[in-house]
Amino acid sequence: MKPRFNFVTTFLVAFSICFSFQLAAQSEMARPASAEVPTAEQWLASIALTELRVHPESLTFEHARDGRRVLVSGKTKDGTYVDVTPWATLTPATAAVKVHEDGYIFPMAVGTTKIVVTVSSVSAELPVEVKGMEAPPVSFVRDVMPLLSHAGCNNGTCHG
C-alpha cells in the first residue's frame, strides 16, 4: 500500500522548509561577520555606571535557616537601569552574615550590619538585620519541595 500525501501536507512541509531557510538567511544578515562579543569588563566600561540600587533595599533575617539573594541594578550614563547582579561583589562589614560564592546571604549572628555592594568601582550599602538564630523545624513546603522541584521529581511521572 502506498502512503498517501494530500495537498495540505505537502504545502505545510514545503512552507516549513522555506520558512526555516528564510530565518537562517535573516539571522546571518543581521549579524556582521566581524562583530565581536564584548567581555564583561568592556560592557561595564561602555555603559558607565553612575549609581547602584539593591533590591530589596534592606534585609531582615528571622532565623538561622533564612537565606536570601539580592538583585543589583546599575544606572547608566543615559539614565536607564540595567541588571548587573552577576558582576556585583558583596562584602559584609561584620561576621553577622556570610555571603556564599553563589551570592546567597546567610545569617551568622544576631545583630545589625551592612553589606557593601560594588560593581565597577560604584558602591552601595545594604542594611542587614539578624533577629534570631534559632532553627525552625524542617518544613516540607519550604525545605523539601524546592529540592524535589529542582531535581524534576515533582512531575507527574515521578512524585507529582
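The values are calculated or read from the model by the stated rules, or taken from the named source; none is laboratory data. Keep in mind the model is a prediction, meaning the values are calculated, not measured. Because the Cβ atoms are built from the backbone with ideal geometry, glycine has one as well, and the counts that use them run over all protein chains shown. Remember, those area values only see protein heavy atoms, side chains included, never the ligands or the DNA or RNA. Shrake-Rupley method; radii C 1.70, N 1.55, O 1.52, S 1.80 Å.
Any residue that is out of contact with any Asp or Glu (no Cβ under 8 Å at 6 or more places or on another chain) and farther than 25 Å from Glu57 by Cβ - is there at least one of those in the stretch 117-134?
Yes, that holds for at least one residue.
Got a number for residues in the stretch 136-150 being loosely packed, with under 10 Cβ neighbours inside 10 Å and assigned to a loop (DSSP other than H, G, I, E, B)?
Number satisfying all stated conditions: 2.
At pLDDT 80 or above and of a type outside the set (Phe, Trp, Tyr): which single residue out of Gln22, Gln42, Gln26 fits that description? If you could, list the steps in order and put the result at the bottom.
Values: Gln22 fails: at pLDDT 80 or above; Gln26 fails: at pLDDT 80 or above.
Just one listed residue meets the conditions, Gln42.
Select from the stretch 57-75 the residues that are open to solvent by 70 Å² or more (accessible area, probe 1.4 Å) and without any contact (Cβ under 8 Å) to a residue 40 or more places away in the chain and list them in ascending order.
Correct list: Arg68, Arg69, Leu71.
A quick yes/no check of all residues on (1) among the aliphatic types (A, V, I, L, M); (2) outside any loop (DSSP other than H, G, I, E, B); (3) without any contact (Cβ under 8 Å) to a residue 24 or more places away in the chain:
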position	(1), (2), (3)
Lys77	no, no, no
Ile115	yes, yes, no
Thr118	no, yes, no
Ala124	yes, yes, no
Met133	yes, no, no
Asn155	no, no, yes
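Of the residues in the stretch 79-113, how many are within 19 Å of Arg65 (Cβ to Cβ), open to solvent by less than 60 Å² (accessible area, probe 1.4 Å) and in contact (Cβ under 8 Å) with a residue 40 or more places away in the chain?
2
Cβ-Cβ below 8 Å, separation at least six or inter-chain, first residue in the stretch 44-56 and touching a residue at least 12 places away in the same chain (Cβ under 8 Å), second open to solvent by 70 Å² or more (accessible area, probe 1.4 Å) and assigned to a helix (DSSP H, G or I): which pairs?
Cβ pairs passing all conditions: Leu44/Trp87.
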